[in-house]
1. How much net charge surrounds Thr31 when only the other residues with a Cβ under 13 Å from the Cβ of Thr31 are counted, with Lys and Arg +1 and Asp and Glu -1?
2. For Leu4, Leu19, Leu52, Leu29, what's the fewest-to-most ordering of other Cβ within 10 Å of each Cβ?
3. Between Asn87 and Asn116, what length in nm is gained on full extension when 0.36 nm per residue of separation is reduced by their alpha carbon distance?
4. How large is the charge dipole for the range 2-124, taken about the Cα centre, if only the Cβ atoms of Lys, Arg (+1) and Asp, Glu (-1) carry charge, to the nearest 20 debye?
5. Using the C-alpha gyration tensor of the range 2-124, what are the square roots of 5 times its eigenvalues, in whole angstrom, with the largest one first?
6. What is the sum of charges, Lys and Arg at +1 and Asp and Glu at -1, for the other residues whose Cβ falls under 10 Å from the Cβ of Leu95?
7. Fewest to most neighbouring Cβ within 10 Å: what's the order for Met48, Met105, Met1?
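Only the coordinates and a few stated rules stand behind these numbers; no lab work does. What you see is a predicted model, and the numbers here were worked out from it, not measured in a lab. When we count neighbours, we look across all protein chains shown, and the Cβ atoms used for this are built from the backbone with ideal geometry, even at glycine.
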Amino acid sequence: MLLLDSHTALWLLDDNPRLGPDARHAISLATRVHVSAATVWELTIKTMLGRLSVPVDLPARLTEQGLTLLSITAEDAEAIRDYPELNRHDPFDRLLVAQAARARMRLLTADDVLLNLQRDFILDARK
C-alpha cells in the first residue's frame, strides 16, 4: 500500500513527468494507493491563499483516479511524536509520515527533508 504526498498526488492527476518511472511502477503495482485527508486540507488551504489551483471537487477527482482517501485519526495525530526530528517541518508532512508508519504504508514524496530521514518506507517520487 502507498500513501501519496501532496505534490505526488498532483503529479499523478496531471500525469506530470516529474513523477518518476519507479514511482509510477510502484503505484501501478500497489494494492491500494491512498491520499490523506491532510493532503486535501493542505491543498485546499494553498488554493484559498492563491498559491495553487486545484479542482473544487478534489476528493472526487482523486477517487475517480482510483485513489483511496485516508481519514485522520487521533492516533495518527499523536504518532507525530515518533518523529521529533520533524518538529520544525511542515505539519502536514509530519502527519503523513506518522500515518504511513502506523498503517505500514510506503510514502511517496519528493520532499528532501522526509527523504533524508532515511526511513525504508519513505520513497523518492522523482525516481
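1. Numbers: positive: Arg32, Arg104, Arg106; negative: none.
Computed value for this residue: +3.
2. Working: Leu4 29, Leu19 24, Leu52 15, Leu29 9.
Ascending Cβ contact count within 10 Å gives the list Leu29, Leu52, Leu19, Leu4.
3. Working: separation 29, 0.36 × 29 = 10.44 nm, distance 1.46 nm.
Going from the current span to full extension adds 9.0 nm.
4. Numbers: 13 positive and 18 negative charges, 20 e Å.
Roughly 100 debye, rounded to the nearest 20.
5. 20, 18, 14
6. Values: positive: Arg94; negative: Glu42, Asp76, Asp90, Asp93.
Residues close to Leu95 contribute a combined charge of -3.
7. Numbers: Met48 9, Met105 21, Met1 14.
Fewest-to-most Cβ neighbours within 10 Å comes out as Met48, Met1, Met105.
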